[in-house]
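One structure is given below, encoded as structure tokens.
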Amino acid sequence: MTTSTEVRIAYDRVGDGGPALLMLPGWCGDRTCYQDLLPLTGRHRTSVALDWRGHGGSERDVADFGSADLMDDALSVIEQAGLETVVPVALSHAGWVAIELQRRLGTARVPGIVSLDWMVLGPPPPFLGALAGLQDPEQWQQVRGALFEMWTTGVESSEVHAYVDGMGRYGFDMWSRAGRVIAGDFQPQPSPVTALAEDPVPFLHVYAQPVEDEYLRAQQDFAAQHPWFHVQRVPGRSHFPCIERPAETAAAIETFVSEL
């Protein structure tokens, strides 16, 4: 399916019932990251996965864009698909769009947010340097290669490797845009949880890596002080739990959404 707005946005829809799930891919990747998760969540409720403008099956010949434009893409799919109550499921830095979507539509229509493998407690300093490197014509391929290596080393899932290979088909224009926009999204606040704390709603973080227990404990400690925050680590080693562990990811999402 595609929307009929000024920029054509492709999406898949399965299932019935609410709250619906609106699945948002990360930068430089398409909605196929949800192809195994979508039918699982669709057993319980309407589940929709979109491609951002310039990505996948959506309109590719588009002008420069940023987070505000991605917000327009999400809103156009919500309208076209007739979704009344929506829980965004956002991979990585698509979480910024999910947060803004909740602010825009309010708790009555967006009663919670699910984030998949995001730097919810804030980015480490090397990552901010990587974002700058992605914007450098001389460094971007090296930085992208390091990210790909981090996302695939020790990961046995051939589906994850294939998805990352697909991300390599996006060139400097998209990767540099991603670096610029993500860096800009982090500037007003040091971390996603800081932004969420301003007007909190139920929030679930599902992730597999890093595998160190210290990272999980830090999130659990935060959750103990902030009851709106929830965390679920699933088995695996991937940046893409929706690809590597779709069944466990779907179960965590359904438990969370059914209790909203």
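The values are calculated or read from the model by the stated rules, or taken from the named source; none is laboratory data. Quick caveat, the model's predicted, so the values are computed rather than measured. Methodologically, a virtual Cβ is constructed for each residue, glycine included, from the backbone with ideal geometry; neighbour enumeration extends over all protein chains shown.
Please work out which residue is nearest to the chain's Cα centre (by Cα), limiting yourself to segment 198-235 and to residues that are surrounded by 16 or more Cβ atoms within 10 Å (Cβ to Cβ) and among the β-branched types (Val, Ile, Thr). If we take residues in segment 198-235 being surrounded by 16 or more Cβ atoms within 10 Å (Cβ to Cβ) and among the β-branched types (Val, Ile, Thr), then 206 is nearest to the chain's Cα centre (by Cα).
Count of segment 218-250 residues, restricted to those that are touching a residue at least 40 places away in the same chain (Cβ under 8 Å) and under 14 Å from residue 40 (Cβ atoms), is 8. Residues that are assigned to a loop (DSSP other than H, G, I, E, B), within 12 Å of the chain's Cα centre (by Cα) and within 21 Å of residue 105 (Cα to Cα) within segment 27-52 comprise 51, 52, listed in sequence order. Scoring residue 106 on the criteria (1) surrounded by fewer than 22 Cβ atoms within 10 Å (Cβ to Cβ); (2) in contact (Cβ under 8 Å) with a residue 24 or more places away in the chain; (3) of a type outside the set (S, T, N, Q) leaves a single failure, condition (2).
For segment 171-209, a residue qualifies if it is free of Cβ contacts under 8 Å to residues at least 12 places away in the same chain and small (Gly, Ala, Ser), and exactly one does: 171. For segment 225-257, filtering for residues that are within 16 Å of residue 215 (Cα to Cα) and aliphatic (A, V, I, L, M) leaves 2.
Yes or no, residue by residue, for (1) surrounded by 13 or more Cβ atoms within 10 Å (Cβ to Cβ); (2) of a type in the set (Phe, Trp, Tyr); (3) over 25 Å from residue 244 (Cα atoms):
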residue	(1), (2), (3)
144	yes, no, no
153	no, no, no
157	yes, no, no
175	yes, yes, no
181	yes, no, yes
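I'm trying to understand the selection: among the residues of segment 164-173, which are in contact with a helix residue (DSSP H, G or I) (Cβ under 6 Å, 6 or more places away or on another chain) and under 12 Å from residue 240 (Cβ atoms)? Across segment 164-173, the qualifying residue is only 164. Within segment 53-70, restricting attention to residues that are small (Gly, Ala, Ser) and assigned to a loop (DSSP other than H, G, I, E, B), the residue that is nearest to residue 184 (Cα to Cα) is 66.
Consider segment 78-99 and keep the residues that are over 13 Å from the mean Cα position of the chain (by Cα) and at negative phi. The one that is surrounded by the most Cβ atoms within 10 Å (Cβ to Cβ) is 86. Within segment 231-250, restricting attention to residues that are in contact with a Pro (Cβ under 7 Å, 6 or more places away or on another chain) and in a helix (DSSP H, G or I), the residue that is nearest to residue 37 (Cα to Cα) is 249.
The residue that is farthest from residue 150 (Cα to Cα), among those in segment 207-230 that are outside any loop (DSSP other than H, G, I, E, B), out of contact with any Phe, Trp or Tyr (no Cβ under 8 Å at 6 or more places or on another chain) and not polar (S, T, N, Q), is 224.
Looking only at segment 25-34, decide whether some residue is aromatic (Phe, Trp, Tyr), at pLDDT 95 or above and surrounded by 19 or more Cβ atoms within 10 Å (Cβ to Cβ).
First pass over segment 25-34, keeping only residues aromatic (Phe, Trp, Tyr): 27, 34.
Filter once more, keeping what is at pLDDT 95 or above: 27, 34.
Checking the rest, the ones that are also surrounded by 19 or more Cβ atoms within 10 Å (Cβ to Cβ) come to 27, 34.
Yes, that holds for at least one residue.
I'm trying to understand the selection: among the residues of segment 48-65, which are within 19 Å of residue 163 (Cβ to Cβ) and either touching a Pro at 6+ places or on another chain (Cβ under 9 Å) or not basic (Lys, Arg) (or both)? Spell out the reasoning first.
So in segment 48-65, the residues within 19 Å of residue 163 (Cβ to Cβ) come out as 49-52, 54-58, 60.
The answer is 49, 50, 51, 52, 54, 55, 56, 57, 58.
With respect to the conditions (1) farther than 24 Å from residue 234 by Cα; (2) touching a residue at least 24 places away in the same chain (Cβ under 8 Å); (3) touching a helix residue (DSSP H, G or I) at 6+ places or on another chain (Cβ under 9 Å); (4) outside any helix (DSSP H, G or I), residue 73 falls short on a single one, namely (4).
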